[in-house]
Amino acid sequence: MRTLLPALASRSTILENWRCISLLVAAIVLAATTATVSNAQAPAPIGGHFALTATDGSNVTDATYRGKWLLVYFGYTSCPDVCPTVLNEIGVALDGLGPLANKVQPIFITVDPVRDTARALAAYLESFDPRIVGLRGAPEQIEAAAKSYHVYYRARSLGDGEYTIDHSSFLYVMKPDGDFAELHAGDLPGHTLADELNKLVK
Ligand code: NI
């Protein structure tokens with residue numbers, strides 16, 4: 001038994017490292033593409049396009065929300081830690097914005113449409129802030145949206161049909177005309193996010 005323990009520990013360390021490396025690579029790719037923003041010749045690095053379905057059943061695209069500043073985040077409702085934290089901070093930011101929050105539309109796009117039914121997604125987001133819109137779609141639609149935002153996500157089996165989804169954690173701020181504005185780390189505190197949005201939106 002004793003010899004098993006180190007073996008198990010090192011295997012889980014390898015998995016953990018692989019996971020970190022994957023996210024790091026995704027972040028580097030994202031940083032590299034974001035760096036081209038300053039180059040006027042380069043195309044916009046983050047397209048920001050999506051064609052998905054809202055939890056009320058309506059079909060929407062990014063164009064549906066023109067005129068609002070979008071705060072876009074990709075995640076899933078069974079996420080153990082990162083997603084709830086980000087959603088909580090988004091709620092804090094909206095409260096911090098006061099009436100200016102009317103100009104901001106937070107959007108949560110699920111990367112787990114199988115478990116995140118419209119009803120589950122709506123109930124989950126309602127528990128954080130009713131102003132956050134939940135979007136879902138067929139796996140191909142979500143894949144296309146994720147590609148447009150350079151979002152990385154991958155399901156990881158936990159055995160017995162259970163799975164978790166590793167995903168990059170960035171908040172995308174899109175301008176009212178649909179262009180990319182800013183990128184923030186998912187762990188940005190809500191009051192800091194409110195300050196950042198306040199500068200843009202007012
Ligand atoms: Ni998450």
Of the numbered conditions (1) out of contact with any helix residue (DSSP H, G or I) (no Cβ under 7 Å at 6 or more places or on another chain); (2) surrounded by fewer than 23 Cβ atoms within 10 Å (Cβ to Cβ), LEU135 fails exactly one; give the number of that condition. (2)
Pairs with Cβ under 7 Å, 6+ apart, first in the range 118-136 and assigned to a helix (DSSP H, G or I), second among the hydroxyl-bearing types (Ser, Thr, Tyr): ALA118/THR55; ALA120/THR77; LEU121/THR55; LEU121/THR77; LEU121/THR110; ALA122/THR55; TYR124/THR77
The range 63-89 residues that are within 13 Å of the ligand (Cβ to nearest atom), paired with ones that are at pLDDT 95 or above and of a type in the set (Ser, Thr, Tyr) (beta carbon under 6 Å, 6 or more apart): TYR76/THR110; THR77/TYR124; VAL82/SER169; VAL86/TYR73
Can you confirm whether PRO84 is surrounded by fewer than 17 Cβ atoms within 10 Å (Cβ to Cβ) and assigned to a helix (DSSP H, G or I)? yes
Does the range 121-130 include one or more residues that are open to solvent by less than 40 Å² (accessible area, probe 1.4 Å), within 15 Å of the ligand (Cβ to nearest atom) and not aromatic (Phe, Trp, Tyr)? yes
Taking ASP160 as the residue in question, decide whether it is among the charged types (D, E, K, R), on the phi > 0 side of the Ramachandran plot and surrounded by fewer than 20 Cβ atoms within 10 Å (Cβ to Cβ). yes
Going through ALA101, ALA26, ALA7, ALA63 one at a time, which residue ends up being at pLDDT below 95 and over 16 Å from the mean Cα position of the chain (by Cα)? ALA7
Note on the range 163-202: residues under 16 Å from LEU87 (Cβ atoms), free of Cβ contacts under 8 Å to residues at least 24 places away in the same chain and exposed (fewer than 13 other Cβ atoms within 10 Å of the Cβ) are ALA185
Would it be correct to say that LEU94 is buried (at least 22 other Cβ atoms within 10 Å of the Cβ) and either more than 16 Å from the ligand (Cβ to nearest atom) or free of Cβ contacts under 8 Å to residues at least 40 places away in the same chain (or both)? yes
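The values are calculated or read from the model by the stated rules, or taken from the named source; none is laboratory data. Source: prediction; values computed, not measured. Every residue, glycine among them, receives a Cβ derived from its backbone with ideal geometry; neighbour counts consider all protein chains shown. We work out accessible area using only protein heavy atoms, side chains counted, and drop any ligands, DNA or RNA first. Shrake-Rupley method; radii C 1.70, N 1.55, O 1.52, S 1.80 Å.
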